[in-house]
Amino acid sequence: MTETTTNVQVRGLTRAFDDKTVIGGLDLTLRQGEFVALLGHSGCGKSTLLKILAGLDSETEGELSVPERRSVAFQSPRLMPWLRVWRNVVLGLPGFPDRALAERYLAEVGIEEYAGRWPKTLSGGQAQRVSLARALVREPELLLLDEPFGALDALTRGRAQRLVADLWQRHGCTVLLVTHDVEEALLLADRVLVMDGGRIAYEAEVGLERPRDLGSPDFVRLRGELLRRLGVDDASAHPLEEAPA
């Protein structure tokens, strides 16, 4: 990984819906191979920014430079129920990709044996792994994750977090993770951004060795500072959804 190489460059980005400005004059730089987490209260523009970076929203103003090879995984896996798992993985790829290609990436996320199944037979965690395989099969330089663990139970969520960390280290792509969970951000990211008022209001370099210890003084300090920046007074609070509006 070359951290000094810029992967994403955003300057003065603005997105308005009718008379409401959701993103206003936002600046953002992501380095090649960097894992960045984006925090912020609901409605602050996090998901809108991710959709813009993914190329799903082009009605913007400002300068935007992103890699051509990019993919996104959402909180909902968004699998096509009429297609078997392997066909969901390669859906939208050019040419006629075969089952072997899908199985290779399903193996990366640990569920190659489910290639021939229908999506309705999968658990939530398994469906999310299929979504990750579908994102990775495109060999992205930029991987965008929009709260991909939000609907999972605590045990499955922890496994999915470790899986994403392993995949990131294996592939070396830049990752931008949108999340409401401060601990999740600190467990996974090199850098954590706080979005407020349609802009990046605060950023923190994590700089902790992996795997990270939730009870270490540095982790607790960073967690407390991020919660404070988010307006959460109770340092025992965990998910951002518990924060006051």
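Right, V36: part of a strand (DSSP E or B), touching a Lys or Arg at 6+ places or on another chain (Cβ under 7 Å) and farther than 20 Å from A204 by Cα or not?
No: the conditions fail for V36.
Taken over region 204-245, the criterion of being of a type in the set (K, R) and either within 17 Å of L39 (Cα to Cα) or modelled with pLDDT of 95 or more (or both) is satisfied by R221, R223, R228, R229.
Kindly indicate whether any position in region 125-140 is in a loop (DSSP other than H, G, I, E, B) and free of Cβ contacts under 8 Å to residues at least 24 places away in the same chain. There is no residue in region 125-140 that is in a loop (DSSP other than H, G, I, E, B) and free of Cβ contacts under 8 Å to residues at least 24 places away in the same chain. Could you look through region 168-214, keep only residues that are among the aliphatic types (A, V, I, L, M) and touching a Ser or Thr at 6+ places or on another chain (Cβ under 8 Å), and pick out the one that is nearest to E139 (Cα to Cα)? Looking at the filtered set, the residue picked out is V178. Checking region 84-104 against the condition returns a match, with at least one residue being crowded, with 17+ Cβ neighbours inside 10 Å and among the aromatic types (F, W, Y). Of the residues making up region 49-86, those that are out of contact with any Leu (no Cβ under 7 Å at 6 or more places or on another chain), among the hydroxyl-bearing types (S, T, Y) and either closer than 25 Å to P119 by Cβ or assigned to a loop (DSSP other than H, G, I, E, B) (or both) are S58, S76. Taken as a whole, the structure leaves G55 outside the set of residues that are in contact with a helix residue (DSSP H, G or I) (Cβ under 8 Å, 6 or more places away or on another chain), surrounded by fewer than 21 Cβ atoms within 10 Å (Cβ to Cβ) and of a type in the set (G, A, S). Here is the figure for region 141-189: residues that are small (G, A, S) and closer than 28 Å to E68 by Cα total 6. If you filter region 206-225 down to residues that are basic (K, R) and not in a loop (DSSP other than H, G, I, E, B), you find that the one that is surrounded by the fewest Cβ atoms within 10 Å (Cβ to Cβ) is R221. Look at E184 and say whether it is surrounded by fewer than 19 Cβ atoms within 10 Å (Cβ to Cβ) and at pLDDT 90 or above. Taking the combined requirement at face value, the residue does not satisfy it. Put simply, of L106, L83, L79, L30 the only residue that is modelled with pLDDT of 95 or more and in contact with a strand residue (DSSP E or B) (Cβ under 9 Å, 6 or more places away or on another chain) is L30. Might you check whether a residue that is under 14 Å from the mean Cα position of the chain (by Cα), part of a loop (DSSP other than H, G, I, E, B) and at pLDDT below 95 occurs anywhere in region 15-26? Scanning region 15-26, I find no residue that is under 14 Å from the mean Cα position of the chain (by Cα), part of a loop (DSSP other than H, G, I, E, B) and at pLDDT below 95, so the answer is no.
The values are calculated or read from the model by the stated rules, or taken from the named source; none is laboratory data. All of these numbers come straight from a predicted model, not from anything done at the bench. Cβ atoms come from the backbone with ideal geometry, glycine included; neighbour counts cover every protein chain shown.
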